[in-house]
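Take a look at the structure set out below.
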Amino acid sequence: MENSARDTIRIVIFDGDTTFVDSLKKTIAAATDIRIVDVRGDIDSAKAFILGVRERIDLILVSFNILKEVVASDMETLVKLKENLPETRVVVMGERYVEEEIFRMVEQGIKGFFVKGDISSDFIIKCVRVVAQGQVWMDANLVNRVFEEFSHYYAQAEGKLRSPSHEETDRLALLTKREMELLELVSMSLKNDEIAERLFISTKTVKTHIRNIFEKLGSRNRVDATLLYIGASKRRPQVAQLEH
Amino acid sequence: MQQPNVSGNALGVVILEKDGRFLADMREALKNDAEMRVLGERTDLPGARALLTEEIDEAPDIIVAGLDLLKEAVASDVATLMSLKETMPGAKLIVASERYADEEVFRMIQEGIRGFFLKGTPPELITRCIRVVLSGGIWMDNSFIARIFEEVSHRNEEAGMRDSVSGN
């Protein structure tokens, strides 16, 4: 059955390796949900495409060499890429795996990477589908590296995990009944839209309440506030009922 | 310090979870895998603490803990949790939950947790998760891995902005 225009993943290929591109075209032709919109073989025509594109492109498959050249020489094209195609995801096709280079690309927002010779046709199709759905397609080592970097960065920003003190849990008395209700839902890992639905209020109102809760409790984020709430409940199980 | 697992090749798993149904599912998942055995299971924090500090002699390879119980442990006594890390340096922690807030999982990652799955995950994927994490890999919901990649690229954008403001 034919896919509707909206279901079809629209892709563009930027790669000068004609043998590889021919085999890529054959591979993709077998997938009825993926359509190649354009193919550009050198940096100038790739740039011209990015500067002039007006249609929806879900994914760009770009060779590492072309991408490297664009990054090194032409910031304007990259800015234009983000302006003209804000929803478009980029998958890089490399000749080899150099972790440091790929990691820098991840920092630039690349959502997929594969080494041309190391991937079967089936997996190319799978990669396109996975990345188009909003997920990532990367080497497991790189995922580890990204997690380590993230962990390091987050630890610096948030500090060490600690249990709340009695003075901190006492601040719960500053919250209104509604705010306590909301905090309980935050402590159950509910997201803002889920809380809004449960309490019959708008997401904007939820955000306002949460901001006020953080301010009263001196919490920086949901985890801090959750730990205060659970810590207090453990010390005084009746805290929620007693205070309000 | 507890003794490392020496009884054959079967991996020793401890399950700490409030939800009895999930406990039963986990038990079932592990029962069908000859390479895994349950060393113990508890449904509350005091029981979990007693199990890990007094009742079992052998250090588990894996501790699967429910997010709710873990939050309670951190909220009430993070020091004990950290000391457990020292007495069982080889044990890996995997977290299971019905739902999650991004910030909670960010925190877990910061604390070195590399395994997280949603309740309802098929048994064969749970045992695969255990093996992946034990071998030093990461097992998380795909959409969450995508979130981490986004965070890393946003962080880069923010850093770029700060650099340009500060003139660095």
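Miscellaneous remarks
- On inspection, B:V95 qualifies as closer than 24 Å to A:V143 by Cα and at pLDDT 90 or above.
- Considering the stretch A:113-123, the residues that are in contact with a helix residue (DSSP H, G or I) (Cβ under 9 Å, 6 or more places away or on another chain) and under 15 Å from A:N141 (Cβ atoms) include one that is farthest from the other protein chains (Cβ to nearest Cβ), namely A:F114.
- The numbered conditions (1) on the phi > 0 side of the Ramachandran plot; (2) more than 14 Å from chain A (Cβ to nearest Cβ) are all true for B:P122 except (1).
- Residues located in the stretch B:81-90, provided they are closer than 18 Å to B:I15 by Cβ and touching a residue at least 60 places away in the same chain (Cβ under 8 Å): B:M88, B:G90
- Screening the candidates A:S187, A:S202, A:S219 for the property of being within 8 Å of chain B (Cβ to nearest Cβ) and without any contact (Cβ under 8 Å) to a residue 60 or more places away in the chain yields one hit, A:S187.
- Unique residue being charged (D, E, K, R), loosely packed, with under 13 Cβ neighbours inside 10 Å and within 14 Å of chain B (Cβ to nearest Cβ) when the list is A:E76, A:E87, A:E107, A:E55: A:E87
- Total residues in the stretch B:133-153, condition more than 9 Å from every other protein chain (Cβ to nearest Cβ) and either at pLDDT 90 or above or more than 22 Å from B:L23 (Cα to Cα) (or both): 6
- Residues (under 21 Å from B:F22 (Cα atoms), aliphatic (A, V, I, L, M) and facing another protein chain (nearest Cβ under 8 Å)) located in the stretch B:77-106: B:A101
- For the stretch B:35-48, the set of residues classified as more than 13 Å from B:V13 (Cβ to Cβ) and either surrounded by fewer than 19 Cβ atoms within 10 Å (Cβ to Cβ) or touching a residue at least 60 places away in the same chain (Cβ under 8 Å) (or both) consists of B:T43, B:D44, B:P46, B:G47, listed by residue number.
- Within the stretch A:1-25, considering residues that are among the charged types (D, E, K, R) and farther than 20 Å from A:G117 by Cβ, the one modelled with the lowest pLDDT: A:E2
- The residues on offer are B:V78, B:V105, B:V64, and the sole one that is at pLDDT below 90 and surrounded by 22 or more Cβ atoms within 10 Å (Cβ to Cβ) is B:V105.
- Looking only at residues of the stretch A:57-95 that are in contact with a Lys or Arg (Cβ under 7 Å, 6 or more places away or on another chain) and in a loop (DSSP other than H, G, I, E, B), we find that the one that is modelled with the lowest pLDDT is A:D74.
The values are calculated or read from the model by the stated rules, or taken from the named source; none is laboratory data. In this text, all values refer to a predicted model and were calculated from it rather than measured experimentally. Here the Cβ is made from the backbone with ideal geometry for all residues, glycine too, and neighbour counts use every protein chain on show.
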